[in-house]
Amino acid sequence: MILGNYLNLSSTMSEVTENADAITSDFTWGDLVFVLLLFAAAYVIGLVVAHFMKLRFSHRLKEDQLGLATMVVRVLIIFVALALALPGIFHLSMTIVFLLLVGCIIAVAMSSSAVVGNAAAGVGLLYEHTFTAGDFIQVGEVSGTVVAVHLLSITIRTPSGVLERIPNNLLYSTTLSNFHAHVARRYSYETGIRYEDNADLAIAIIREIVESHTFVLKNPAPEIFVSGIDPSSIQVKARFWVPSVWANTQDDLSLRTEFLPRIKTALEAEGIEIPFPETTVRLIGTEPQHTEKPR
């Protein structure tokens, strides 16, 4: 069997050697025109197929995902045209063409494995529909709004305005959080009040502020309740849902600036204060002294 494979390989190599002179001598201007017309036809067919895909899948895929899919299909059509043109022009058998294509693929894979890995990961991300342009995502310690999705990488704009490029291989092999994957996000915040303050009144004040806000969803309804008792305060938690496109930053900056100042001002207007941590120290052998707590 080994001898047979060796003889087949030898015959194939001899065929390549015999066709080397034919490639240089038989190539004419007519062949060049044929190649150009074939590639022009492949280009036009790619445009037609891309237009059909946009009409057929525009309601299923987002714009950047559809653009990446059409680009992959158009490249494949060009490769098919190349495979059809080579045998007829250079008088090569399909076996030679196949070996040449395999050799090119192996050479590219060995010389730039990172590029091949990123391209494969890009196709995988396209299939999974994990995110799209405009989504706010977090990958490791980097977070920001997706600006563009490419075959090898994506670009995001961080909250500080920095444009960063992330390889698709890294996206595919690490944890990715998409803060726009669903139409709404739940937001939680805790406010501490003093022991002597009325917890029911604080809950009513916070509920009125939350429910009166334009972007707070009515269903699920907001939840405001006493969540814990700390050594120096009573914790009142507010939980409510808002549209993801409004709360478009991972640190919830828009939410904090909308709610927290209003909650603090409304509580103070009713005499409810946010306490600071207190520590009472008693020395052994001394009587405790009762002093008025600072207000």
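I'd like the full set of residues that are of a type in the set (Val, Ile, Thr) and under 16 Å from ALA184 (Cα atoms), limited to region 211-240.
Step one: list which residues in region 211-240 are of a type in the set (Val, Ile, Thr), which gives 214, 216, 224, 226, 229, 234, 236.
THR214, VAL216, listed by residue number.
Looking at region 133-173, which of its residues are out of contact with any strand residue (DSSP E or B) (no Cβ under 7 Å at 6 or more places or on another chain), surrounded by 19 or more Cβ atoms within 10 Å (Cβ to Cβ) and either among the acidic types (Asp, Glu) or farther than 16 Å from VAL72 by Cα (or both)?
If the condition is that a residue be out of contact with any strand residue (DSSP E or B) (no Cβ under 7 Å at 6 or more places or on another chain), surrounded by 19 or more Cβ atoms within 10 Å (Cβ to Cβ) and either among the acidic types (Asp, Glu) or farther than 16 Å from VAL72 by Cα (or both), then ASN169 is the only one that fits.
Do we have any residue at all in region 223-232 that's in contact with an Asp or Glu (Cβ under 6 Å, 6 or more places away or on another chain), polar (S, T, N, Q), part of a loop (DSSP other than H, G, I, E, B) and within 30 Å of ALA69 (Cβ to Cβ)?
No - not one qualifying residue is present in region 223-232.
Here's a check for you: in region 248-276, which residue that is of a type in the set (Val, Ile, Thr) and assigned to a helix (DSSP H, G or I) is modelled with the lowest pLDDT? Step through it out loud before you land on a result.
Of region 248-276, the ones of a type in the set (Val, Ile, Thr) are 249, 257, 263, 265, 272, 274.
If we keep only those that are assigned to a helix (DSSP H, G or I) too, we end up with 257, 263, 265.
Values: THR257: 75, ILE263: 90, THR265: 91.
Here the residue is THR257.
Can you pull out the residues in region 19-64 that are at pLDDT below 65 and not in a helix (DSSP H, G or I)?
Matches in region 19-64: PHE27 only.
Hey, which of the strands (runs of 3 or more DSSP E) in region 147-191, taking only ones fully inside, have at least 1 residues that are in contact with a Ser or Thr (Cβ under 8 Å, 6 or more places away or on another chain) and over 30 Å from PRO222 (Cα atoms)?
Answer list for region 147-191: 153-157, 163-167.
The values are calculated or read from the model by the stated rules, or taken from the named source; none is laboratory data. Not measured: the values here are computed from a predicted model. Using ideal geometry, Cβ is built from the backbone for each residue, glycine included, and neighbour counts are taken over all protein chains shown.
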